[in-house]
Amino acid sequence: EATSFLQGLIERTKDAYVRVVRRLRMADLLSQSGQQSQALEAYEQCLGDAAQDSWVEAEALAQIAQVFRRKDDVNGLKSRLAKLAEKHPQRAALTQLRAVVAVDLDEGDEARALYVRLLEVNPGKVELRTAFIEMLVKLQRFDDAVTQCQELLARSPQDKELRAQLATLLYQAKRPGEAAAEVKLLVDGGKVDEFELQRAARLYEGFGFRK
C-alpha cells in the first residue's frame, strides 16, 4: 500500500524538509482514500514540523480545512483549529484561518478579536493588517476598516494606493467629507501625472461629487 511505503520512507528520511514534504504527500493519500482521521493527524504533524509562513504550513492548514468543509462541518473545523491554536499560539496563519471560519459562522466579533490580538503581537506586518481590512469590509465594519487603513497610511504616508483605498473606505463609512479630503490630497502638491488625475476624478464620480 502506498501509505505504508511512504510511512517507511518517512521514517528513514533524515532531511527535515524532505521528511515533512513526504508526510504531506502521505496525508493527501490518506485523505483521498477516505481515511480522514489519519489524514488529519498527518496534516497536523506536518503543521507542527513546518516553518512559520512557509508553503507547507499554508498547505497543511488548507487541507485540514478542506477535510471539514467537504462534510460541511464548519463548527467541527472551528473546534479543531481552536485545539491546534493551543499547541501553536505563535502561528499567525492559523489565527487568520480561525478568523475566516468565524466569519463563515457569522461570528464577526470573534473574528475581529482574533485579528486584534494577532496585530498586538505583530503590529508591523502589513500583510496581516491588509487582510484584516479585507475581512472588516466583508463584515461591513467600515469604521474599523478606516482605522486600520489609517494605521497603514501613517507608516507609509506617500502611498497613494493606500490613500485612495482610505478615501473609498471613508465613503463606505458614510463620511463623505473626509473621503473628499483624502481624494484632494491625492492631487495636491507636487507633480501629478495623468493617471493620478483620472483616478481622483473616478473617485469623485464614484462618490457622487460633481468635482
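The residues of the chain have, on average, 57 Å² of accessible surface per residue, using a 1.4 Å probe with all protein chains present.
In a simple Cβ point-charge model (Lys, Arg +1; Asp, Glu -1; nothing else charged), segment 143-211 has a dipole of about 240 debye relative to its Cα centre.
Charge dipole of the chain (Cα centre as origin; +1 on each Lys and Arg Cβ, -1 on each Asp and Glu Cβ, all else neutral): 80 debye, rounded to the nearest 20. A Förster radius of 30 Å combined with the Cβ-Cβ distance from Lys184 to Asp104 puts the calculated FRET efficiency at roughly 0.20.
Would you give the gap between the C-alpha center of segment 169-211 and the C-alpha center of segment 1-63, rounded to a whole Å? For segment 169-211 versus segment 1-63, the Cα centre distance is 50 Å. Over the chain, DSSP H runs of length four or greater, each weighted -39,500 (n - 2.57), average out per residue to a 222 nm ellipticity of -25000 deg cm²/dmol. Does segment 1-80 classify as rounded, prolate or oblate by the C-alpha gyration tensor (a ≥ b ≥ c root eigenvalues; a/c under 1.5 gives rounded; else a/b over b/c gives prolate, otherwise oblate)? It is oblate, given that a/c is not under 1.5 and a/b is not larger than b/c. Each principal axis of the chain carries a Cα extent, and these read 70, 35, 29 Å when sorted largest first. The residue list Gln96, Ser31, Gln45 was ranked by how far each Cα lies along the charge dipole of segment 1-139 toward its positive end, using unit charges on Cβ atoms, and Gln45 comes out on top. Residue-wise HN-Hα couplings along segment 191-207, as the Karplus relation 6.51 cos²θ - 1.76 cosθ + 1.60 with θ = phi - 60° gives them from phi, are 7, 10, 8, 4, 4, 5, 5, 5, 5, 4, 5, 5, 5, 4, 5, x, 7 Hz; Gly and Pro carry x. Cross-link partners for Lys191 among the aspartates and glutamates, with Cα-Cα distance under 15 Å and sequence neighbours closer than 8 places in the same chain left out: Asp159.
Three semi-axes describe the equivalent ellipsoid of segment 96-211; taken as square roots of 5 times the Cα gyration tensor eigenvalues and ordered largest first, they are 29, 16, 10 Å. Two decimals is fine: what is log10 I(q)/I(0) at q = 0.14 Å⁻¹ for segment 72-112, from a Debye sum with one equal scatterer on every Cα and no solvent? Computed log10 I(q)/I(0) values: -0.27. Relative to the longest principal axis of the Cα atoms of the chain, the long axis of helix 16-32 lies at roughly 80 degrees.
Using the empirical formula 2.2 N^0.38 Å as the baseline, the Cα radius of gyration of segment 88-130 reaches a ratio of 1.08.
Placing +1 on each Lys and Arg Cβ and -1 on each Asp and Glu Cβ, with no other charges, gives segment 93-211 a dipole about its Cα centre of roughly 320 debye.
Plugging the Kirkwood radius over Cα pairs into Stokes-Einstein for segment 153-211, at a temperature of 10 °C and a viscosity of 1.306 mPa s, what D comes out in µm²/s? Estimated via Stokes-Einstein, D reaches 139 µm²/s. Note on His88 and Glu11: the model spin-label points, each 7 Å out from Cα along the C-beta direction, lie 2.5 nm apart. In sequence order, segment 39-45 has phi-based couplings of 4, 4, 4, 5, 4, 5, 5 Hz under the Karplus curve 6.51 cos²θ - 1.76 cosθ + 1.60, θ = phi - 60°, and Gly or Pro positions carry x. Leaving out ligands, DNA and RNA, what percent of the accessible area of the chain is carbon and sulfur, probe 1.4 Å? Here it works out to 49 percent. Against the chain, whose longest principal axis is taken from its Cα atoms, helix 142-155 shows a tilt of about 90°.
Annotation for Gln35 and Val74: the two label points, set 7 Å from Cα along the Cα-Cβ direction, are 3.1 nm apart.
The values are calculated or read from the model by the stated rules, or taken from the named source; none is laboratory data. Not measured: the values here are computed from a predicted model. Positions of Cβ are generated from backbone atoms using ideal geometry, with glycine treated the same way; all protein chains shown enter the neighbour counts. For the accessible areas, the whole protein counts, side chains as well, though only heavy atoms, and no ligand, DNA or RNA atoms are used. Shrake-Rupley method; radii C 1.70, N 1.55, O 1.52, S 1.80 Å.
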